[in-house]
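Data first, discussion second: the structure below is written as structure tokens.
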Amino acid sequence: MHRPAVAYVPLMAGQSARPLNGSFNNVPVLHSNQPEIVNGEGILVNTQEGAGIAAETNQPLRNAEFTFNGEFGLHMHHKYYPSDAARLGGSRERGLLTIAAIAINPGNQPVTLTFKRGSVKNSFEAPYHPNKLMGVKPLGRRPWNTGPGDATAVQMLRGELDRRLPETVVIPPRSRKVIVSTVLPARGIANGLLRGSSNGKFQMAVVAAEESQSEADLIAVLDRGRLAPGRIYLNR
């Protein structure tokens with residue numbers, strides 16, 4: 001017996017909700033979008049066992065625990081609006097936030113990650129244009145994109161790996177390594193899409209660090225165990 005679909009948001013009168021004819025693949029994808037608007041540095045998402053300390057409540061919040069092995073994907077989408085208004089730009093220099101994905105090898109053997117396609121862009125590298133011409137065009141390549149989401153999606157659809165991203169990364173035993181990062185000026189938007197595979201088990205985290213791009217500083221943010229401010233907490 002099939003039960004009717006239930007939605008939190010009431011449907012428009014006369015309409016019904018029906019399942020789509022299709023299915024998802026079984027490739028696990030890490031989705032980093034909480035908080036979407038980042039106010040300062042900290043952990044954005046972490047799939048290791050354990051918990052992070054929430055900036056708003058100072059209470060532990062359980063990690064999104066998951067171990068990847070084989071095919072995987074990564075999606076990052078964040079905006080940077082620092083809580084310090086002086087870092088927003090205008091008459092002063094904009095603040096900078098580095099958003100980085102970190103691969104974590106919990107095992108005793110090295111793990112190799114191979115990236116097949118992907119791209120990371122921010123809204124200063126791929127600014128929005130009011131021409132509404134989005135997506136892959138049949139006439140070939142174009143010298144512009146309509147925002148970072150468009151720019152990354154086009155490269156993914158073309159099966160390309162951005163030249164700034166590595167083709168392979170080896171994670172030594174019991175260690176962590178930054179696999180992709182972008183420096184985001186204040187009031188900017190960053191978007192990243194990545195598809196790859198591993199020859200062993202690993203975990204991932206996405207962190208944000210202000211005014212620093214070094215791998216040591218980014219891993220230190222992860223080790224401090226504090227979540228980035230700006231998260232939205234739902235009661236269901």
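When residues of segment 61-98 are filtered for being in contact with a Leu (Cβ under 6 Å, 6 or more places away or on another chain) and not aromatic (Phe, Trp, Tyr), how many remain?
Within segment 61-98, the first condition is being in contact with a Leu (Cβ under 6 Å, 6 or more places away or on another chain), and the residues that meet it are 74-75, 80, 97.
From the residues that got through so far, the ones that are not aromatic (Phe, Trp, Tyr) too are 74-75, 97.
Residues that pass the stated criteria total 3.
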Given Ser119, Ser91, Ser83, which one is farther than 20 Å from Val207 by Cα and either of a type in the set (Gly, Ala, Ser) or at pLDDT 95 or above (or both)?
Ser91
Just to be sure I understand, how many residues within segment 94-118 are aliphatic (A, V, I, L, M) and either open to solvent by 20 Å² or more (accessible area, probe 1.4 Å) or in a loop (DSSP other than H, G, I, E, B) (or both)?
1
Please work out if Ala228 is over 25 Å from Lys116 (Cβ atoms) and of a type in the set (A, V, I, L, M, F, W, C).
yes
Pro166 being open to solvent by less than 50 Å² (accessible area, probe 1.4 Å), part of a helix (DSSP H, G or I) and modelled with pLDDT of 80 or more
no
Could you list all residues from segment 45-84 that are over 30 Å from Phe24 (Cβ atoms) and open to solvent by 70 Å² or more (accessible area, probe 1.4 Å)?
Glu56, Thr57, Asn58, Gln59, Pro60, Tyr81, Ser83, Asp84
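The values are calculated or read from the model by the stated rules, or taken from the named source; none is laboratory data. Just so you know, these numbers come straight off a predicted model, no measurement behind them. Every residue, glycine as well, gets a Cβ built from its backbone with ideal geometry; the counts of neighbours run over all protein chains shown. These accessible areas exclude ligands, DNA and RNA; they are computed on the full protein's heavy atoms, side chains included. Shrake-Rupley method; radii C 1.70, N 1.55, O 1.52, S 1.80 Å.
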